[in-house]
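Here the structure is laid out as C-alpha cells; the discussion comes afterwards.
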Amino acid sequence: MKVRKLLSVAMVLLAMASMAYATGQKEAVPAGDAKVIVLRLAETHPADYPTTLGDMKFAELVKERSGGRIVIEVYPGSQLGQEKAVIEQVQFGAIDFTRVSISPLAAFVPVFNALQLPYLYRSEDHMWKVLLGPIGKELFASLEPSGFVGIGWFEPGARNFYNSKRPVSKPSDLAGLKIRVQESELMVGMVQGLGAVATPMPYGEVYSGLQTGVIDGAENNWPSYESTSHFEVAKYYTVDEHTRVPEIIIGSKISLSKLSQADQDLIKQAAIDAIPYQRKLWAEREKASEAKVKAGGSIVTVIADKGPWQAAMQAVYDKQPPAVQYLVKRIGEVQ
Ligand code: GTR
C-alpha cells in the first residue's frame, strides 16, 4: 500500500515537472552562479529552410552576446503547432517567440494588413525600406497592446499561384478553382476578387488537400512551393508575384517583461543583425528551388504584364479601414 502511494506521488510530481517544462520560459542553473534563461521559438519551416536558419542565427547571436545566459531553442517543422495556434500561445506566454508570416498575425493586429496588400511594393528593396524605417517601427509598437513584441523581419520572397488543373496565364483562368489561402480575411478577399474559391487552411494541411482534391491550388513563394513538395501534386506555377508578405519574429510580452531592458534590447538587436544572413540564404534558395521544381516537371508561366492581375485585386484596397489606407499611402511615398 505504502509503495503504491509513494509511486503515485512520484507520478504526480513527474507530471507536474513535465508540465512546467512544457510551458514557456524556464530557468536552469548551470555549473556557475549565473542562471541560464531558456526561451522557445516556434517555426513552421523545416530545419534546413533559409528562414529557420535565420532564426538559428538570431539564437546564436543572442547566446554569444549574452555570454551564454540567454538560450533560444528553435523548434522547426511546426513542432509547437501551426501558425495561428502558435500566435495564440505567444500571446499568453506559453511560447516565447515565433517566426511567422504577417498574414495570420493580421487576424490579431489588423493594421498589419497594410503590409500584405497585393502589388504594394515596387520591389524587394522598397519593402525593406518600409520594414526597417519608421513604418516598421510603428507597426512593432502596434503589437504591444495585443501582448506581442516586434523583434525582427525576414525576407518572404514574392508569392505566386499554383494549381493541379491547368496553366494559368490570366486572372480569369483561375475562375472556379479552389485555392488555399493563409488564415487571413484579406487573402480570402483577394482570391475571391479573382473569381476563384478561397479556402483558408493551415500550411501543414495543404499537401494532403492538394493530393485529395479538397483544393485545386494554393499560392506561395518558390522555396515554400518546393520544400513542401506541393510542386509534386500541383505542377502549374504562375509567376504573377501578387504579394510580398513579410516574415516577422514576434516575442511574447509576458515572457519578455521578465527580462531586463538591457536583455530585451540585446535580443532585438540580434534579430536585426540576423537579417542579412537570412536574406543571403533566401536569394540562394529561391534559385535552387526554382531549378528543382522545374527539373521535377513543374510547368511555369511567367506573367509579363501584371496590369490585369493588379486590376483584379484592386478591390481589397477599397475595403481597408482608414488606418490601413493611411499606411498604404505612406508606404507608396517611401523612396
Ligand atoms: C510561407 C511562410 C510561412 C507560412 C506559409 C503559408 O511562405 O513562410 O510562414 O505562412 O507561407 O502559406 O501558410
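Any read-out appearing in this document is the output of simple, stated calculations on the displayed coordinates, not a laboratory observation. Just so you know, these numbers come straight off a predicted model, no measurement behind them. Note that each Cβ is placed from the backbone with ideal geometry, even for glycine, and that neighbours are counted across all protein chains shown.
Numerical summary
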read-out: Percent antiparallel among DSSP beta bridges (both partners in the chain, rounded to 5); value: 55
read-out: Dipole in debye (nearest 20) - the stretch 70-179, about Cα centre, beta carbon charges: Lys, Arg +1; Asp, Glu -1; value: 620
read-out: Rounded, prolate or oblate (a/c below 1.5 giving rounded, otherwise prolate when a/b exceeds b/c) for the stretch 271-320 by Cα gyration tensor; value: oblate
read-out: Within-13-Å neighbourhood charge of Ser257 [Cβ basis; K, R +1; D, E -1]; value: -1
read-out: Listed residues Ala291, Ala304, Ala274: farthest to the positive end of the dipole of the stretch 265-309 (Cβ charges); value: Ala291
read-out: Sequence-distant aspartates and glutamates (8 or more away, or on other chains) whose Cα lies within less than 14 Å of Lys294; value: Glu226, Glu232, Glu286
read-out: Qualifying trypsin sites (Lys or Arg not before Pro) in the stretch 96-131, DSSP loop, other Cβ atoms within 10 Å at most 13; value: Arg122
read-out: Kyte-Doolittle at least 0.5, axis length at least 15 Å by Cα - qualifying DSSP helices, the chain; value: 2-22
read-out: Shape category assigned to the stretch 157-236 from the gyration tensor of Cα positions, a/c cut at 1.5; value: rounded
read-out: The chain: most fluctuating residue of Thr238, Thr52, Thr212 per GNM, C-alpha cutoff 10 Å; value: Thr212
read-out: Given Lys84/Lys287; Lys268/Lys292; Lys63/Lys280, the pairs whose alpha carbons are separated by over 32 Å; value: Lys268/Lys292
read-out: Shape of the chain, Cα gyration tensor, a/c cut at 1.5; value: prolate
read-out: Partner lysines for Lys306 [C-alpha distance under 16 Å; skip if fewer than 8 residues away on the same chain]; value: Lys170
read-out: Selected from Val62, Val181, Val38 as most flexible by GNM, with the chain as the system and alpha-carbon contacts under 10 Å; value: Val38
read-out: Dipole magnitude (debye, nearest 20) for the stretch 38-82, charges at Cβ of Lys, Arg, Asp, Glu; value: 200
read-out: Relative exposure of Asp173, Asp265, judged by other C-beta atoms within 10 Å (fewest first); value: Asp265, Asp173
read-out: Relative contact order %, the chain, counting alpha carbon pairs below 8 Å whose residues are six or more apart; value: 23
read-out: For Thr301, residues with placed amide H under 5 Å, excluding near neighbours; value: Tyr237, Thr238, Val239
read-out: Among Thr44, Thr243, Thr301: highest mean-square fluctuation, GNM of the chain, C-alpha pairs under 10 Å; value: Thr301
read-out: Simple Cβ-charge dipole of the chain, Lys/Arg +1 and Asp/Glu -1, about Cα centre, in debye nearest 20; value: 560
